[in-house]
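Values quoted throughout were computed directly from the atomic coordinates according to the rules given, and no laboratory measurement underlies them. Given the structure is predicted, the values throughout are model-derived calculations rather than measurements. Every residue, glycine among them, receives a Cβ derived from its backbone with ideal geometry; neighbour counts consider all protein chains shown.
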Amino acid sequence: MLNMTLPMFETAAQHLVPQVPVANPQESAGMLFTRLSGHKFDSIATIYITNEQGHLLGAVRSVDVLTMPPDQKLADAMISQLPTVHPHEDQEKVAGLAVQFNISEVPVIDSQGCFLGVVPAEALLAILRREHIEDIHRLAGIHHEDARARHALEAPPIQRVCDRIPWLLVGLAGSVLATFVVSRFEKTLESLVFVSFFVPGIVYLADAVGTQTEAIVVRGLSLNHGSFQKLVVGELWTGLFIGLCLGSLSFPLVLVVFANVQLAFAVAFTIVVAGGIAASIGLLFPWLLYRAGKDPAFGSGPVATIIQDVLSLLIYFTIVQLFVV
C-alpha cells in the first residue's frame, strides 16, 4: 500500500490511482479476461505485469490484449522498457514523461520497485493545464505563494495587486536605470534627433525575441527531458537568424527614408546584436533557476524584459556613437 506519510502536494502520489489491471507474465489472454471479468478499475488502458513480489516487469496495452489469441501468454506481448516515477516525484515531471514517451498513463513504483498504481490520463491532462496556467502567470510577472495561482481571476482586486506588484517593482527600478542610460547620450540625441525615432522599435523587437525564447525554454525545461544542449544551441541559432532577417529588412527601409547609410547600418546591426542578446537572456535566466532546482518560469517576465531593454539601449547608442556621430 502507498505510504500516506509521503508529501502529497503536487506529486505523483496526489494523482495516483491503485485500482488497475495487474497480471503475471505467464498468464494467457483468455485467463486474464476470465479473471478480470466483473471487476471495477480506475483505469483499464494498460495491463501491468508484475512478479510474485509485486515488482513491475512491464505492461501490455489493453487494445493489444484484445487481438491476442486466448492461449497466448502476456509475456509474449509485454513491453519491458517502461518510464516509471516514484510517489514523491513532482507532477510536472510525471506529465513530461507522458509527453516524451507518448503514453496515456504513467506507472508509479516505490523504492523497491513494487507497483503502486498509475497516474491516469485525466490526471495528466489536468496537470498539463494547471502547469501551463501557472507558467503563464509567472511569465507575466504574477507571483503566487500557493494554489491561488489557479484561481487568479477569482481573487479580489487587492489580492491581485499583491500577486503582481513584486516583480513590477523590480521593473520600475529597471525603468529608472533605462532612463539613466538614455540620459548619458543626451548630446547625441540633441544633435541627431532622428536617432531617437528607432528606440521603441529596437526595444520592442528585442523584447519580442526574448519573450519567445523564454516561453520555449520554460516549457522545454519543464516537460522535455531530452538534451538541454540541443535546446540551447537551437534557440541561440534561431535568435541569431531572426536578428539577421529583421536587420536585413530594416536596412533598406531606413536607407530609403533617411538616406543615411551609417544610420541604416547602425539600426540593422543593433537589431542583429540585440536579438542575439535577448535570446541569450531568455535562455540564461530560466536555465539558472532550473539548475538551482527552482521553477524556470520565475526567470522570465518583467525582470528579463527590463534587462533586455537596458542592454538594447546600451547596444544601440554605443553603435550610433561609433558609426553615426
> So which trypsin sites (Lys or Arg not before Pro) in region 171-220 pass both tests, a DSSP loop state and at most 13 other Cβ atoms within 10 Å of the Cβ?
Replying inline: Arg184
>> Within 10 Å of each candidate Cβ there may be at most 12 other Cβ atoms; applying that plus a DSSP loop requirement, which GluC sites (Glu not before Pro) in region 50-135 survive?
In response: Glu52
> Binned at 5 Å from 0, what are the whole-percent values of the Cα-Cα distance distribution for region 12-119, short to long?
Replying inline: 2, 13, 24, 25, 20, 11, 5, 1, 0
> Tell me, what HN-Hα J-couplings in whole Hz come from the Karplus equation 6.51 cos²θ - 1.76 cosθ + 1.60 at θ = phi - 60° for each residue of region 114-121, using x for Gly and Pro?
Replying inline: 7, 6, 10, x, 9, 8, x, 4
> Amide H to amide H under 5 Å from Gly117: which residues, 5+ apart in sequence or cross-chain, H placed 1.01 Å off N in plane?
Replying inline: Val108
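Placing +1 at every Lys and Arg Cβ and -1 at every Asp and Glu Cβ, with all other atoms neutral, what dipole size does region 12-119 have around its Cα centre, in debye to the nearest 20?
Magnitude of the dipole: close to 200 debye.
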